[in-house]
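Below: the structure, in structure tokens.
The values are calculated or read from the model by the stated rules, or taken from the named source; none is laboratory data. All values derive from a computational prediction rather than experimental measurement. Reconstructed Cβ throughout: ideal geometry from the backbone, glycine too, with neighbour counts over all protein chains shown. Areas reflect the complete protein model, heavy atoms only, side chains present, ligands, DNA and RNA absent. Shrake-Rupley method; radii C 1.70, N 1.55, O 1.52, S 1.80 Å.
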Amino acid sequence: MRGAVFLGNRKIEIRNFPDPAPGPGEVVIQMKASGMCGSDLKFYRPPPGEAQKALGLGGNADPFIAGHEPCGVIAARGPGVSEREAPIGQRVMDHHYSGCGVCGHCRVGWSQLCRAGITVYGVTAHGGHAEYFKVPARTLVPLPDELSFSEGAAVACGTGTAFGALRRMQIAGGHTLAVFGQGPVGLSATVLGAKMGARVIAIETNPERLALAKQFGADALVDASKDDAVQAIKELTRGEGVDLALECSSASAARQAAVRAVKTWGTACYVGEGGDVKLDVSPDLLRRQVTLIGSWTFSAMGMADCARFIADAGIKLDRIFTHRWKLDQADEAYRVFDAQSSGKGVIEF
Ligand SMILES: [Zn+2]
Ligand SMILES: [Zn+2]
């Protein structure tokens with residue numbers, strides 16, 4: 001099979017690999033769609049292994065097949081995997097982490113929190129940018145019939161991350177929600193938040209992405225390259241601030257603004273990886289009873305809930321993709337994505 005390998009320093013190569021054979025407890029997925037996630041750029045840009053080390057995922061610098069938003073159909077089952085668990089031909093997404101499988105975190109579907117050491121497919125082991133993809137059967141999440149393979153790929157990281165954060169913030173109808181950054185995760189938060197009944201204020205510096213946010217149901221837009229985001233949000237909320245602010249850009253200034261934009265008793269949440277933030281603890285947090293949450297992706301069950309919500313709410317998530325690529329275009333696909341001015345890309349098979 002062919003797979004797109006990240007070599008570090010913005011280099012990608014299509015290489016040939018032997019077709020994977022499933023071992024005990026494993027399945028092979030024939031890939032149909034493999035999404036491109038903003039966090040892929042954290043591994044695409046630096047020298048090999050550096051980002052993994054910085055994010056606490058070990059320092060393995062061996063070249064690996066990228067892609068951690070995998071979606072396809074089950075092609076083969078290894079020993080010990082039952083027909084019921086993984087019927088051949090079933091449409092599936094993959095919860096792209098594997099832990100020890102037996103600890104409390106793993107058993108409730110939060111394998112990325114496993115303390116025994118985790119595998120992150122597409123980051124520390126071969127991922128979905130290949131014709132076939134081998135994973136433990138327990139990482140499979142069925143794809144609802146209503147969703148396309150590319151929509152399933154989006155749910156498998158970016159959109160699922162937005163959903164997980166909104167649930168963690170206990171979003172409710174009538175809330176005001178500020179979403180900082182309208183990349184793939186932020187745009188997902190905008191459309192999901194609006195469908196959950198919130199009034200969404202979208203903050204972004206790129207005009208193309210702001211226009212997409214409007215199409216995805218944002219009630220108000222703030223161009224942070226021109227206006228002070230906190231002040232603009234206050235003006236849109238009668239001086240109070242928003243109930244909820246979700247920060248998806250990883251930019252320090254946006255993280256600070258997200259905390260400052262929430263009202264007294266409000267909640268801010270960070271999902272962007274890496275970097276830092278400077279807060280003035282008393283005025284920013286204590287004196288206003290602010291809740292600040294960190295949210296890392298979602299559980300396997302949370303992923304199933306996200307897919308079900310999108311199907312039931314009738315969200316046309318495929319509109320999030322501005323670029324569709326074939327595997328042999330991976331190099332060009334990441335060069336376009338690296339500019340961070342467009343929407344989301346997906347590799348289709
Ligand atoms: Zn575990
Ligand atoms: Zn991701």
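Among the residues making up segment 71-90, none is in contact with a Leu (Cβ under 8 Å, 6 or more places away or on another chain) and more than 29 Å from Cys37 (Cα to Cα). Restricting segment 123-143 to residues that are modelled with pLDDT of 95 or more and part of a loop (DSSP other than H, G, I, E, B), the residue that is nearest to Ser188 (Cα to Cα) is Leu143. Right, Asp62: open to solvent by 60 Å² or more (accessible area, probe 1.4 Å), away from ligand 1 (no atom under 16 Å from the Cβ), touching a strand residue (DSSP E or B) at 6+ places or on another chain (Cβ under 8 Å) and part of a loop (DSSP other than H, G, I, E, B) or not? Judged against the criteria, Asp62 is not a match. For Gly217, the test of being open to solvent by 30 Å² or more (accessible area, probe 1.4 Å) and touching a residue at least 24 places away in the same chain (Cβ under 8 Å) is passed.
Might you check whether a residue that is of a type outside the set (Ser, Thr, Tyr), open to solvent by less than 10 Å² (accessible area, probe 1.4 Å), within 16 Å of ligand 1 (Cβ to nearest atom) and over 18 Å from the mean Cα position of the chain (by Cα) occurs anywhere in segment 116-135? So far as segment 116-135 goes, yes, one or more of its residues are of a type outside the set (Ser, Thr, Tyr), open to solvent by less than 10 Å² (accessible area, probe 1.4 Å), within 16 Å of ligand 1 (Cβ to nearest atom) and over 18 Å from the mean Cα position of the chain (by Cα). For segment 290-349, the candidate set comprises residues that are basic (Lys, Arg) and touching a residue at least 24 places away in the same chain (Cβ under 8 Å); within that set, the residue that is surrounded by the fewest Cβ atoms within 10 Å (Cβ to Cβ) is Arg335. Go through segment 102-122 residue by residue and tally those that are in a loop (DSSP other than H, G, I, E, B) and away from ligand 2 (no atom under 15 Å from the Cβ). Matching residues across segment 102-122 total 9. If only residues of segment 144-156 that are assigned to a loop (DSSP other than H, G, I, E, B) and open to solvent by 10 Å² or more (accessible area, probe 1.4 Å) are counted, the one that is farthest from ligand 2 (Cβ to nearest atom) is Asp145. Taking the criterion of being among the aliphatic types (A, V, I, L, M) and over 21 Å from Gly272 (Cα atoms), the residues of segment 183-242 that qualify are Met196, Ala198, Ala211, Ala220, Ala232, Leu236. Please count how many residues of segment 163-211 are farther than 16 Å from Arg255 by Cβ, without any contact (Cβ under 8 Å) to a residue 40 or more places away in the chain and out of contact with any strand residue (DSSP E or B) (no Cβ under 6 Å at 6 or more places or on another chain). Qualifying residue count for the region: 7. Among the residues of segment 167-183, are any open to solvent by 40 Å² or more (accessible area, probe 1.4 Å), modelled with pLDDT of 95 or more, within 25 Å of His68 (Cβ to Cβ) and in contact with a His (Cβ under 7 Å, 6 or more places away or on another chain)? Looking through segment 167-183, none of the residues is open to solvent by 40 Å² or more (accessible area, probe 1.4 Å), modelled with pLDDT of 95 or more, within 25 Å of His68 (Cβ to Cβ) and in contact with a His (Cβ under 7 Å, 6 or more places away or on another chain). For segment 65-102, taking the residues that are closer than 15 Å to Tyr121 by Cα and within 16 Å of ligand 1 (Cβ to nearest atom), the one that is most open to solvent (accessible area, probe 1.4 Å) is identified as Cys100.
Is it true that some residue in segment 19-33 is outside any loop (DSSP other than H, G, I, E, B) and under 15 Å from Ala330 (Cβ atoms)? The answer is yes; a qualifying residue exists. If I filter segment 65-101 down to residues being in a loop (DSSP other than H, G, I, E, B) and within 16 Å of ligand 2 (Cβ to nearest atom), which single residue comes out as farthest from the chain's Cα centre (by Cα)? The residue in question is Ala66.
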